[in-house]
1. Could you give the length gained on full extension between residue 36 and residue 73, defined as 0.36 nm per residue of separation minus the Cα-Cα distance, in nm?
2. Separation between the residue 112 and residue 97 pseudo-spin-labels, each 7 Å from Cα along Cα→Cβ, expressed in nm?
3. What nm distance separates the two modelled labels at residue 55 and residue 166, each placed 7 Å from Cα along Cα→Cβ?
Amino acid sequence: MASPILDLTKPPIKSYVYAKTNIGGWFFDAFLQATHTSTLTITQHPVQSGSSISDYAYMQPRTLSLNIGMTDVAKSFIPGQFSGGSSRSVQAYQVLLQLQQMRIPVQVYTRLGLYQNMLVETLTVQDDNTTTHGLRCTVDLSELLVATVEVVKISANPAVTDSAKKGTQQPKQVPSSILQTLANLFNGKAS
């Protein structure tokens, strides 16, 4: 049976967004572990002597791996979240799955800071006898880097070079080489 599409754009209460770790305003029962990864890539160019030089560095998209837990016996932190399904844990998994499938960039708030434009890259769930009435899920998120383009007008005058006066070119006499000068001296010719 297909679950109804959830309205993921408007979590029930946004006033708690900065109060507790959450993914896009969705508050799960437990965040068991968070792995924050921030990587700086330093360019390397080999030179003739065999060593490398570095002349530039740039940031890779940040990644975040959250190990979350949900239980069917507790009440939601936000009344009404994860309701309407067969259980809270299944409904929580459906929310995460829809965030991933719809490719919705979300804000993720953790104890170490706020992450903007994060996409759910991987969901890993182990379903066994210990999770009969709950959910333990690893959510891997990656930052979506957004570029902006700006057009800047440099001059009111167009950059035209066809109308410039180029002048006339005058031929120049090429000086003779040293060998030619020596040959002329031996042959008795004046240079």
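Just so it is clear, none of the values below were taken in a lab; they were calculated from the coordinates. Fair warning: this is a prediction, and the values are worked out from it, not measured in the lab. Neighbour counts are summed over all protein chains in view; Cβ atoms, including those assigned to glycine, are modelled from backbone coordinates with ideal geometry.
1. Working: separation 37, 0.36 × 37 = 13.32 nm, distance 2.98 nm.
In short, 10.3 nm is gained.
2. Computed distance between label sites residue 112 and residue 97 equals 3.0 nm.
3. 3.3 nm
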